[in-house]
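Participant: Sharing a structure, written as structure tokens. Questions coming.
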Amino acid sequence: MTIGQTIREARLRKGMTQEELAEKTDISIRTIQRIENGEVDPRSFTLQSIAKVLEIDYEYLVNYKLEQNGHEETSREDPVLLSMLHLSGLFILLFPPILIWLWNKDKIQNIRQHAIDVINFQLSMLIFLIPGGILAIVLIGIPIVIFLGVYSTIIIIVNTIRVLNDQPYKYPLSLRILKP
């Protein structure tokens, strides 16, 4: 049985139509239809919404999805942990993202790519801050340092929210120091 069939059975047990499920989850009816027909693989946010409305354990759906796709439970993506990894980029030190990466490298799918992106962004901002800091001595670099601080904070927060919502993220002005 596919995850779509599991969702369909749970919906029918609740006596709900696809339209009612779509309305209660704020997911389009077409998406519900495509999930139930096995045409699309639902994202974690979609699974959370459906699980809540159908009163199914979210972990059950995630594990079912992983079994269906042939993954082990320990290799699933965890948007909360990945978002914490991105948010740790707010600290100038490289230790928080490295520690999160090392502690979870065998548990979270794609954490290596996320960690490399965060570390590359931190290193890039550090490289850009060095000339700005030197120029700050003669007051020319003060606006550069302020801009880089505000810019990096905004980019990190936006990317944290995107990862938490299972959306693609991007770090502009990031140098590729570490390769994936």
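The values are calculated or read from the model by the stated rules, or taken from the named source; none is laboratory data. Nothing here was measured: the structure is a model prediction, and the numbers come from that model. Cβ sites come from the backbone with ideal geometry, for glycine too, and all protein chains shown count toward neighbours.
Yes or no, residue by residue, for (1) modelled with pLDDT under 80; (2) closer than 30 Å to G149 by Cα; (3) out of contact with any Pro (no Cβ under 6 Å at 6 or more places or on another chain):
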residue: K52; (1), (2), (3): no, no, yes
residue: Y58; (1), (2), (3): yes, no, yes
residue: E77; (1), (2), (3): yes, yes, yes
residue: S83; (1), (2), (3): no, yes, yes
residue: L87; (1), (2), (3): no, yes, yes
residue: F91; (1), (2), (3): yes, yes, yes
residue: K107; (1), (2), (3): yes, no, yes
residue: I111; (1), (2), (3): no, yes, yes
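Participant: Going through the stretch 35-59 one residue at a time, which ones are within 20 Å of Q167 (Cβ to Cβ), without any contact (Cβ under 8 Å) to a residue 60 or more places away in the chain and assigned to a helix (DSSP H, G or I)?
Facilitator: Correct list: I35, T46, L47, Q48, S49, I50, A51, K52, Y58.
Participant: Which residue pairs have Cβ atoms under 6 Å apart, sit 6 or more places apart or on different chains, and have a first residue in the stretch 1-20 that is free of Cβ contacts under 8 Å to residues at least 12 places away in the same chain and a second that is aliphatic (A, V, I, L, M) and surrounded by fewer than 16 Cβ atoms within 10 Å (Cβ to Cβ)?
Facilitator: E19/I29
Participant: Does the stretch 12-26 contain at least one residue that is of a type in the set (D, E, K, R), closer than 19 Å to N165 by Cα and part of a helix (DSSP H, G or I)?
Facilitator: Yes.
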